[in-house]
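To start, the structure itself, in structure tokens.
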Amino acid sequence: MEQWKGKVAIVTGGSAGIGEAIVVKLELAESLNGKGNNHGTVHTKVCDVTNEQVVKNVFSWVDSTLGGVSILINNAGTVKISSLLNGKLEDWKDTMNLNVLALNVCSREAYQSMTRNKIDGHIIQVNSIGGHHITPYFAMKMSNASKVAVSVLCEGLRHDLQLVGSKIKVSSISPGGVSTDLLLRLLERSKEPNSTFQVKDLNILKTEDVANADITILATPPTVLIAELTIVPNGSTIQPHFQPSPEVVENLLNSYKNMYFILNTTTFSFQCY
């Protein structure tokens, strides 16, 4: 983290949850780099990231007051429970405006600030494991689609930067479920009678886990890029799978206990005995 000592980082959605944890970790990292107890200075800005002009104003202030941004962590996002069958267009627009378009506007402004100030910075998009597969959960497909878009935009931004010869890094961090107020509200909703959103036995990460992963990404040397970092709770999988009951698993194991396969290497067929 030595290369970021005294540099400016912007964290969207930094007032709570993952964003707040990231801000705390960045402060601590600055303190350790300085080998003292002085934490980095935090400037709070109320900013609707879906308002392009407001975002431009914030980056303009950073340029004129702090000398440009070195790190952007796009953390602001939302999850809307809205089925493709009867969902509201307003919910779909809100999801795409915040999770996709606002993220891209902030990334564009960060690139321009870094370029103006000759900074080889780092842009980190807080993505999701939902950005890499289709979620099995009902009424979550639009949120799912927005995160898939983030994955595409990460690689697209890296490609555009490569074409112009920029050394700015772009990373995606894709956590599984994280213990934020947003997720906890969704879990409470899943317990309601007749809820369309059902989640059982969900292992979740702490916000500090995601913040630590961000620090890991930032700690790489200029010649190394962690393009994608996926983190899930130990004992979980990246892709959600059908979860049979323990009784079903035991019965399956017993039924196959005395079975073995003979592979015929000529015909590539097998027989069961």
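None of the figures in this text is laboratory data; all of them are computed from the coordinates on show. Just so it is clear, the structure is predicted and the values come from calculations on it, not from any experiment.
Structural remarks
- Extended-chain gain in nm, criterion 0.36 nm per residue less alpha-carbon gap, residue 108 and residue 16: 30.7 nm
- The orientation-averaged projected area of the convex hull spanned by the Cα atoms of the range 93-182 comes to 6.5 nm².
- If you take the Cα centroid of the range 112-186 and the Cα centroid of the range 45-68, the two points sit 20 Å apart.
- Average Cα contact separation per residue, the range 15-157, under 8 Å, 6 or more apart, as relative contact order %: 24
- Whole-Hz couplings from phi, Karplus 6.51/-1.76/1.60, listed for the range 128-145; x for Gly and Pro: 6, 4, x, x, 10, 6, 7, 6, x, 7, 5, 6, 10, 5, 5, 4, 4, 4
- Under-5 Å amide H pairs with residue 76, H placed in peptide plane, nonlocal only: 12, 13
- Here's how it looks for residue 169: its modeled amide H is under 5 Å from those of 121, 122, 123, which are all 5 or more places away or on a different chain.
- Stretch gain in nm, segment residue 234-residue 206, where the contour uses 0.36 nm per residue and the Cα spacing is subtracted: 8.9 nm
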